[in-house]
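Report on one structure; see the data block that follows.
Read-outs: derived from the displayed coordinates by stated rules, not from any lab. From a predicted model like this one, the values you see are computed outputs, not experimental measurements. Cβ placement follows ideal geometry from the backbone for every residue including glycine, while neighbour counts extend to all protein chains displayed.
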Amino acid sequence: MFPRVEKLAAMMREAGMTHMLVTKPKNMRYLTGYTGEGSMLIHNGQATLLTDFRYVEMAGIQAPGIDVVKCDSTHPLNGEVKAILAAEDGHALAIEEDRVTVAEHKKLAEALTGVALVPANGLIEKLRIVKDADEIACIRKACAISCQAFEKLLGVMKAGMTEREVQLELDYTMLRLGSEDMAFDTIAAAGTNGSLPHAVPSDHVIAEGEMLTLDFGAQYAGYKADMTRTVAFGRISDQLSDIYHTVLDAQLASLAAIAPGKQGRDIDKVARDLIDKKYPGAFGHSLGHGVGLDIHEQPGLNTREERALTPGHIVTVEPGVYIPGVGGCRIEDTVVITDTGYDNLITAPKQLITL
Ligand SMILES: [Mn+2]
């Protein structure tokens, strides 16, 4: 009934798991389409949603045919889980160990005496790492909205605006173009703020001679886009120009290295070696990360990633240079790995744009 639940069930059988309690909202959505609160028990190859009155009707609409157990104060969720395990002779429950809090774990352990709580070991994330055609289409759409919004912004953005004004204009434009939300809080960092990779937009007034880094993304059907562009206002210094072109060279070189079968660390190294030669230590974060329902997913493009890129992986490629007191630059695309290389979902120009 739910193909992804069936795939998970097969992985569970292989891992010797009989019951799994899914509590991450994105994982519940991925498996069945359900976006509300509650928990989902995967057992016997099926999904049972445990939720309260507020979500019972919605569950039937979003995930037609899903088995729903209505919980309330006299039928608490953990008690319902216990009853199902007891009826099915389940002695171990896999839980999302990177989500369940210490307090929740304590309550669960008290409610489920005699049941071992074991780690789910990221089985669902392993499924989510390879995107199917529908998911790729949603991320492509989110990226297209992001690029359209950037293009419109270029027509209205000018020196004299604050970072915050630019951020609001960009966010509003993405929403007008069909983005259901921001994929994450938009970053707008001008001048010396540009050395802060995750700067919060401020009342800083953008001046001639500064660069502005914009890191943003639209969201479509739950799926996120992630892109960064850095633009110049008026005439910038030779130093800033060199920073820009170093980052651009690193971004293009690492993109050119992308191919199925390559390890994430190989791609990271291409950009890192190039930048370290000119600006040692100025590129302090990883080259990229997976994107999907979450803004940071697997696989990574970083110094440790040994997994091979596989068709259906969607990753960002985002080298940067950050120099405190001077400024910074980052250029980022979101790409999908294909059988022969990659498909860049971000089409916005990358040559230095001067406004
Ligand atoms: Mn990113």
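Nearest 10 degrees is fine. How inclined is helix 3-15 to the longest principal axis of the chain, computing both from alpha carbons?
Rounded to the nearest ten degrees, it is 70.
Using just the helices of the chain, give the 222 nm mean residue ellipticity in deg cm²/dmol: DSSP H runs with n ≥ 4 each add -39,500 (n - 2.57), and the total is spread over all residues, rounded to 500.
Here the helix-only value at 222 nm equals -11500 deg cm²/dmol.
Would you please state which residues of region 188-203 a label at residue 237 would reach in this model, taking the label point 7 Å out along Cα→Cβ and a backbone N cut-off of under 17 Å?
Answer for this model: 190-196.
State the dimensionless ratio Rg/Rh of region 105-254 (Rg: radius of gyration of Cα atoms; Rh: Kirkwood radius).
A ratio of 1.15.
Tell me whether region 294-355 comes out rounded, prolate or oblate; compute the Cα gyration tensor, take square roots of the eigenvalues as a ≥ b ≥ c, and use a/c under 1.5 as the rounded threshold.
Here region 294-355 falls in the oblate category.
For the chain, find the longest principal axis of its Cα atoms and tell me its angle to the long axis of helix 102-111, 0 to 90°, nearest 10.
The helix 102-111 is inclined about 10 degrees to the chain.
Taking a spot 7 Å from the Cα of residue 72 along the direction of its beta carbon, which residues of region 34-56 have an amide N less than 17 Å from it?
The answer is 50-56.
Which values, in whole Å and largest first, are the semi-axes of the equivalent ellipsoid of region 3-128 obtained as the square root of 5 times each eigenvalue of the Cα gyration tensor?
Listed largest to smallest, the semi-axes of region 3-128 are 19, 19, 13 Å.
Kirkwood hydrodynamic radius for the chain: how many Å is it when counted over pairs of different Cα atoms?
22.1 Å
Where the only charges are on Cβ atoms (+1 Lys, Arg; -1 Asp, Glu), what is the dipole of the chain about its Cα centre, to the nearest 20 debye?
That gives the chain a dipole magnitude of about 320 debye.
Given C-alpha coordinates of region 133-344, what is the ratio Rg to Rh with the Kirkwood estimate of Rh?
Reported Rg/Rh (Cα atoms, Kirkwood Rh): 0.96.
I'd like the Karplus ³J(HN,Hα) series for region 169-183: coefficients 6.51, -1.76, 1.60, θ = phi - 60°, whole numbers in Hz, and an x wherever there's a Gly or Pro.
Computed from phi, the couplings for region 169-183 are 4, 5, 4, 4, 5, 4, 5, 4, 7, x, 6, 7, 5, 7, 5 Hz.
Which of rounded, prolate, oblate describes region 100-173, given a ≥ b ≥ c as roots of the alpha-carbon gyration tensor eigenvalues and a/c under 1.5 marking rounded, otherwise prolate only if a/b is larger than b/c?
Oblate is the answer for region 100-173, as a/c is 1.5 or above yet b/c matches or exceeds a/b.
I'd like the trypsin sites (Lys or Arg not before Pro) in region 101-169 restricted to DSSP loop residues with at most 15 other Cβ atoms within 10 Å, sorted by number.
158
5 Å is the cut-off here: which amide hydrogens, built 1.01 Å from N in the peptide plane, fall below it relative to residue 71, excluding neighbours closer than 5 in sequence?
Distant-sequence amide H within range of residue 71: 51, 52, 53.
Within region 232-276, list the trypsin sites (Lys or Arg not before Pro) lying in a DSSP loop whose Cβ has at most 11 other Cβ atoms in a 10 Å radius.
In loop regions of region 232-276 (DSSP not H, G, I, E or B), the sparsely surrounded trypsin sites (Lys or Arg not before Pro) are 235.
Checking the a/c ratio against 1.5 first, then a/b against b/c, what shape does the Cα gyration tensor give for region 11-64?
Here region 11-64 falls in the prolate category.
Defining a contact as two alpha carbons under 8 Å apart and six or more residues distant in sequence, what relative contact order in percent does region 3-128 show?
It rounds to 25 percent for region 3-128.
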